[in-house]
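Engineer: I have a structure I would like to understand better, so I am pasting it below and will then ask my questions one at a time.
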Amino acid sequence: MIRTDLTRRLQEAVERLRAAGKLPAAAAECPVELSEPPNPERGDYATNFAMVAAGHLDKPPRETATLLAERLREDDAIESVEVAGPGFVNIRLKNAYLARWAVKAQQAGESIAKLEKDRPEKVLVEFVSVNPNGPIHLGHGRGAAYGDTLARILESAGDEVGREFYVNDGVNSQQMQLFALSVQAKYRELLGLEFEFPEEGYGGDYVGALAAQIRELHGDSHAGDGPEFFQSASQKLMIEGQRADLERFGVRFDTWFSEQALHDSGEVNAAIETLKQNRYAYEEDGALWLKSTAFGDDKDRCIVRSNGRMTYIASDIAYHKNKFDRGFDRLINVWGADHHGYIARTRAAIEALGYPGDRFDVAITQIVRFLRDGKVAPMAKRTGEMIPLAELMDEVGVDVTRFFYLMRSHDSHMDFDIDLAKEHSEKNPVFYVQYAHARICSLLKKAEEAGLASDPEHAERLVHPSERALIKKIWDLPFEVRRSADDREVHRLTTYAVELARQYHDFYEKCRVISPEEPERSSARLLLCEATLTTLRAAFNLLGISAPERM
RNA sequence: GCGGACGUAGCUCAGCGGAUAGAGCAUCAGACUUCGGAUCUGAGGGUCGGGGGUUCGAAUCCCUUCGUCCGCGCCA
């Protein structure tokens, strides 16, 4: 990409200055960083090398900057260089150099977002993992959108990525038993039998609908069955529904990993044995405890209750062991902020089993506050007060919903104004971005009708400031992919998409593309349009939104 | 009380060590009888919650204080 090529040129310039004795040996230690001047009139790129180096080199920044600038002027990619401010070196690139990058972008197509990695990692992203006792609702949407896009970005950045949904289907689970009892009560109610709805049970409308569905599938003969039947039957239906909603949301998992399978295979018991052998499990008050305090947790955690039943932690321990044993180099768990307190104990368990805790990362998505009619709208499965994700997809569409979640940093609290999302959906930035795509499609069609086509031979006709800015912006995509992958900051891609669209609209206003009287310039501009089109598509792909040709 | 996240334009949010702090929405004023006006141009609007520090330089890092939110189960 342009930035890496230019950085290499800067490094070479520093190296040559050092070899010529104009800079001390310590110069090699200083990183060369590329930034952009505040105003494009000052140059295409800038470096603060001289200022960073000042501390190491014992040389005034402007002096170093001047030396560097002189050397850079000899570079065949560089048009001009100026030293500015406290010691910035501003660089203007040659038109011909940028034109070559326009051609490369057009040739690369959507693969412009793909990066090569020297040592690709095998990464497992576990996300959503909603309990099978209710539909996917708006509260889950953020983790779904974030986790999925993170997986797409990591793949694009060169890693091998698995996506996994952990299904809490354990028969030990108190929550699931309570849910099963709630369904059972509704089922009996449907049959006109006596029923006892559990205290604190699941009261949402969907629970009644679920009971009716079970009745339809399995008949009326289960009134006497225990909660096992109802848990198993409801789980199956809930998971099917979750899977369908998520697929519609553009989220597909490689594996749906069953918690109960860990118990059935004996992996949970085996993991507990290992912990005992490693002396990180001990008995007290008739229960079995994980000595997680040995790894920095606040308190030890119960693995097996005094009544002999296992806690969710027991299966969690076996689960993370299982992930590592499947050969993953890195585990990324996407959790909501309400699970923040579980990081320490999970990492402790991993280390107690002898696995590397630093290979376990948790990305926390902050709580979303939903507003409706100007009031906070609760999102609670227990009471059924919630808005299903499917409902929002019905009303505003998948693209708007996904983009909305992805626009904000996963790490910041956000307000989701449901009314605003519905009423002003046309003003959502996603349309701005998609419009750029549709506009190019229609333009290319028109050009074809006029007998004009792109041609790399004339790329050097791209000299207008808007054309130059667009080429640079296009080549920022791989750069943003790299940064987003490294920092797990997925929302940068939405910002990028808006910026790329803006740059295109700007170009479109200022540079007439189809002009038969200037066929060479037209073909150069068409090439740039094609490069923008595929780059937009690459970005949309990462965000999981569609690329409409007409709107 | 302890731990964590967050306080940036009227609203929703970017920026997270660099040169005059940005965008969208909202408000106001404009654009070639249009290669799609779902676009573009401009204006107003800010003690970056408050206070200390670190350094050539802080919205960004550290400390402190106030405010909001989330955790702190032999629930998942």
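The values are calculated or read from the model by the stated rules, or taken from the named source; none is laboratory data. Quantities reported herein were computed from a predicted structural model and do not represent experimental measurements. Because the Cβ atoms are built from the backbone with ideal geometry, glycine has one as well, and the counts that use them run over all protein chains shown.
Engineer: Within the set of pairs 6+ apart or on separate chains, which have a first residue in the stretch A:297-308 that is in contact (Cβ under 8 Å) with a residue 12 or more places away in the chain and assigned to a loop (DSSP other than H, G, I, E, B), a second that is within 7 Å of RNA strand B (Cβ to nearest atom) and of a type in the set (Gly, Ala, Ser), and C-beta atoms under 6 Å apart?
Structural biologist: A:Arg305/A:Ala287; A:Ser306/A:Gly286; A:Ser306/A:Ala287
Engineer: Follow-up. Please pick out the residue among A:Ala421, A:Ala453 that is within 14 Å of RNA strand B (Cβ to nearest atom) and assigned to a helix (DSSP H, G or I). Before the answer, list the steps.
Structural biologist: On the way: A:Ala453 fails: assigned to a helix (DSSP H, G or I).
Being within 14 Å of RNA strand B (Cβ to nearest atom) and assigned to a helix (DSSP H, G or I) holds for just one of A:Ala421, A:Ala453, which is A:Ala421.
Engineer: Of the residues in the stretch A:508-521, how many are part of a helix (DSSP H, G or I) and either at positive phi or more than 8 Å from RNA strand B (Cβ to nearest atom) (or both)? Explain how you work it out, then say what you get.
Structural biologist: Step one: list which residues in the stretch A:508-521 are part of a helix (DSSP H, G or I), which gives A:508-510, A:519-521.
Filter once more, so that each one left must be either at positive phi or more than 8 Å from RNA strand B (Cβ to nearest atom) (or both): A:519-521.
Number of matching residues: 3.
Engineer: For the stretch A:470-492, how many residues are in a helix (DSSP H, G or I), closer than 23 Å to A:Met407 by Cβ and not charged (D, E, K, R)?
Structural biologist: 8
Engineer: Could you identify the single residue in A:Leu288, A:Leu331 that is near RNA strand B (Cβ under 10 Å from one of its atoms) and part of a strand (DSSP E or B)? Steps first, answer last, please.
Structural biologist: Numbers: A:Leu331 fails: near RNA strand B (Cβ under 10 Å from one of its atoms).
Selected residue: A:Leu288, the only one of A:Leu288, A:Leu331 that is near RNA strand B (Cβ under 10 Å from one of its atoms) and part of a strand (DSSP E or B).
Engineer: Mind listing just one residue for me: the one in the stretch A:150-165 that is farther than 17 Å from A:Asn541 by Cα and surrounded by 21 or more Cβ atoms within 10 Å (Cβ to Cβ) and, of those, farthest from RNA strand B (Cβ to nearest atom)?
Structural biologist: Step by step, filter the stretch A:150-165, then rank; the result is A:Glu164.
Engineer: If you go through the stretch A:334-345 one residue at a time, how many are within 6 Å of RNA strand B (Cβ to nearest atom) and either of a type in the set (A, V, I, L, M, F, W, C) or touching a residue at least 60 places away in the same chain (Cβ under 8 Å) (or both)?
Structural biologist: Residues flagged as within 6 Å of RNA strand B (Cβ to nearest atom) and either of a type in the set (A, V, I, L, M, F, W, C) or touching a residue at least 60 places away in the same chain (Cβ under 8 Å) (or both) within the stretch A:334-345 amount to 1.
Engineer: Being exposed (fewer than 12 other Cβ atoms within 10 Å of the Cβ) and under 16 Å from A:Arg550 (Cβ atoms) is the filter here; which residues of the stretch A:419-447 pass it?
Structural biologist: A:Glu426, A:Lys445
Engineer: Turning to a different aspect of this structure: Hey, among the residues in the stretch A:368-418 that are without any contact (Cβ under 8 Å) to a residue 40 or more places away in the chain, within 11 Å of RNA strand B (Cβ to nearest atom) and buried (at least 18 other Cβ atoms within 10 Å of the Cβ), which one's nearest to A:Val130 (Cα to Cα)?
Structural biologist: A:Phe404
Engineer: Scan A:Ala344, A:Ala314, A:Ala270 and give me the residue that is under 27 Å from A:Ala151 (Cβ atoms), touching a helix residue (DSSP H, G or I) at 6+ places or on another chain (Cβ under 8 Å) and not in a strand (DSSP E or B). Explain how you work it out, then say what you get.
Structural biologist: Working: A:Ala314 fails: under 27 Å from A:Ala151 (Cβ atoms); A:Ala270 fails: under 27 Å from A:Ala151 (Cβ atoms).
Sole residue among the options that is under 27 Å from A:Ala151 (Cβ atoms), touching a helix residue (DSSP H, G or I) at 6+ places or on another chain (Cβ under 8 Å) and not in a strand (DSSP E or B): A:Ala344.
Engineer: Here's something else I'd like to know. When A:Asp76 is evaluated against the numbered criteria (1) within 13 Å of RNA strand B (Cβ to nearest atom); (2) in a loop (DSSP other than H, G, I, E, B); (3) not basic (Lys, Arg), which criterion, by number, is the only one it fails?
Structural biologist: Failing condition for A:Asp76: (1).
Engineer: For the stretch A:528-551, which residues satisfy the criterion of being assigned to a loop (DSSP other than H, G, I, E, B) and either of a type in the set (Val, Ile, Thr) or more than 11 Å from RNA strand B (Cβ to nearest atom) (or both)? Give the steps one after another, and end with the answer.
Structural biologist: Of the stretch A:528-551, the ones assigned to a loop (DSSP other than H, G, I, E, B) are A:544-551.
Correct list: A:Gly544, A:Ile545, A:Ser546, A:Ala547.
Engineer: To continue, here is another question. Restricting the search to the stretch A:424-449, which residues are of a type outside the set (Lys, Arg), more than 23 Å from A:Ile514 (Cα to Cα) and in a helix (DSSP H, G or I)? Before you say what the answer is, go through the steps one by one.
Structural biologist: First, pick out the residues of the stretch A:424-449 that are of a type outside the set (Lys, Arg): A:424-426, A:428-438, A:440-444, A:447-449.
If we keep only those that are more than 23 Å from A:Ile514 (Cα to Cα) as well, we get A:424-426, A:428-431.
Those that are of a type outside the set (Lys, Arg), more than 23 Å from A:Ile514 (Cα to Cα) and in a helix (DSSP H, G or I): A:Ser425, A:Glu426, A:Pro429, A:Val430, A:Phe431.
Quick grid of which residues meet (1) at pLDDT 95 or above; (2) closer than 16 Å to A:Leu98 by Cα; (3) of a type in the set (Val, Ile, Thr):
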| residue | (1), (2), (3) |
| --- | --- |
| A:Ser515 | no, no, no |
| A:Glu518 | no, no, no |
| A:Ala524 | yes, yes, no |
| A:Leu527 | yes, yes, no |
| A:Asn541 | yes, no, no |
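Engineer: OK, next. Among the residues of the stretch A:230-248, are any assigned to a strand (DSSP E or B) and either closer than 27 Å to A:Val161 by Cα or without any contact (Cβ under 8 Å) to a residue 12 or more places away in the chain (or both)?
Structural biologist: Of the residues in the stretch A:230-248, the ones assigned to a strand (DSSP E or B) are none.
Within the stretch A:230-248, none of the residues are assigned to a strand (DSSP E or B) and either closer than 27 Å to A:Val161 by Cα or without any contact (Cβ under 8 Å) to a residue 12 or more places away in the chain (or both).
Engineer: Would you mind telling me which numbered condition in (1) within 12 Å of RNA strand B (Cβ to nearest atom); (2) hydrophobic (A, V, I, L, M, F, W, C); (3) touching a Lys or Arg at 6+ places or on another chain (Cβ under 8 Å); (4) at pLDDT 90 or above A:Ile364 fails?
Structural biologist: (3)
Engineer: Can you pull out the residues in the stretch A:1-32 that are part of a loop (DSSP other than H, G, I, E, B) and in contact (Cβ under 8 Å) with a residue 24 or more places away in the chain? Give the derivation first.
Structural biologist: First pass over the stretch A:1-32, keeping only residues part of a loop (DSSP other than H, G, I, E, B): A:1, A:20-24, A:30-32.
Within the stretch A:1-32, A:Met1, A:Lys22, A:Leu23, A:Pro24, A:Cys30, A:Val32 qualify.
Engineer: Only residues that are surrounded by 22 or more Cβ atoms within 10 Å (Cβ to Cβ) and either near RNA strand B (Cβ under 9 Å from one of its atoms) or of a type in the set (Gly, Ala, Ser) (or both): list them for the stretch A:486-507, please.
Structural biologist: A:Thr494, A:Ala497, A:Ala501, A:Tyr504, A:Phe507 - these are the residues of the stretch A:486-507 that are surrounded by 22 or more Cβ atoms within 10 Å (Cβ to Cβ) and either near RNA strand B (Cβ under 9 Å from one of its atoms) or of a type in the set (Gly, Ala, Ser) (or both).
Engineer: Taking the condition closer than 22 Å to A:Asp399 by Cβ and more than 8 Å from RNA strand B (Cβ to nearest atom), does A:Val463 pass?
Structural biologist: On the way: closer than 22 Å to A:Asp399 by Cβ: no; more than 8 Å from RNA strand B (Cβ to nearest atom): yes.
It is false that A:Val463 is closer than 22 Å to A:Asp399 by Cβ and more than 8 Å from RNA strand B (Cβ to nearest atom).
Engineer: Sort through A:Arg330, A:Arg301 and tell me the only one that's closer than 30 Å to A:Thr149 by Cβ and at pLDDT 95 or above.
Structural biologist: On the way: A:Arg301 fails: closer than 30 Å to A:Thr149 by Cβ.
Of the residues listed, the single one that is closer than 30 Å to A:Thr149 by Cβ and at pLDDT 95 or above is A:Arg330.
Engineer: When residues of the stretch A:30-54 are filtered for being within 8 Å of RNA strand B (Cβ to nearest atom), among the small types (Gly, Ala, Ser) and within 37 Å of the chain's Cα centre (by Cα), how many remain?
Structural biologist: Of the residues in that region, 3 qualify.
Engineer: Could we say that A:Lys114 is within 34 Å of the chain's Cα centre (by Cα) and free of Cβ contacts under 8 Å to residues at least 12 places away in the same chain here?
Structural biologist: Details: within 34 Å of the chain's Cα centre (by Cα): yes; free of Cβ contacts under 8 Å to residues at least 12 places away in the same chain: no.
Considered against the rule, which asks whether it is within 34 Å of the chain's Cα centre (by Cα) and free of Cβ contacts under 8 Å to residues at least 12 places away in the same chain, A:Lys114 comes out as no.
Engineer: Given the conditions (1) outside any helix (DSSP H, G or I); (2) at pLDDT below 95, report the number of the one that A:Thr293 does not fulfil.
Structural biologist: All conditions pass for A:Thr293, except number (1).
Engineer: Among the numbered criteria (1) under 30 Å from A:Asp298 (Cα atoms); (2) in contact with a Lys or Arg (Cβ under 8 Å, 6 or more places away or on another chain), which one does A:Ala390 miss?
Structural biologist: (1)
Engineer: Could I ask something else about it? Somewhere in the stretch A:107-116, is a residue at pLDDT below 95, out of contact with any Ser or Thr (no Cβ under 7 Å at 6 or more places or on another chain), farther than 30 Å from A:Asp338 by Cα and away from RNA strand B (no atom under 14 Å from the Cβ)?
Structural biologist: Yes, there is a match, as at least one residue in the stretch A:107-116 is at pLDDT below 95, out of contact with any Ser or Thr (no Cβ under 7 Å at 6 or more places or on another chain), farther than 30 Å from A:Asp338 by Cα and away from RNA strand B (no atom under 14 Å from the Cβ).
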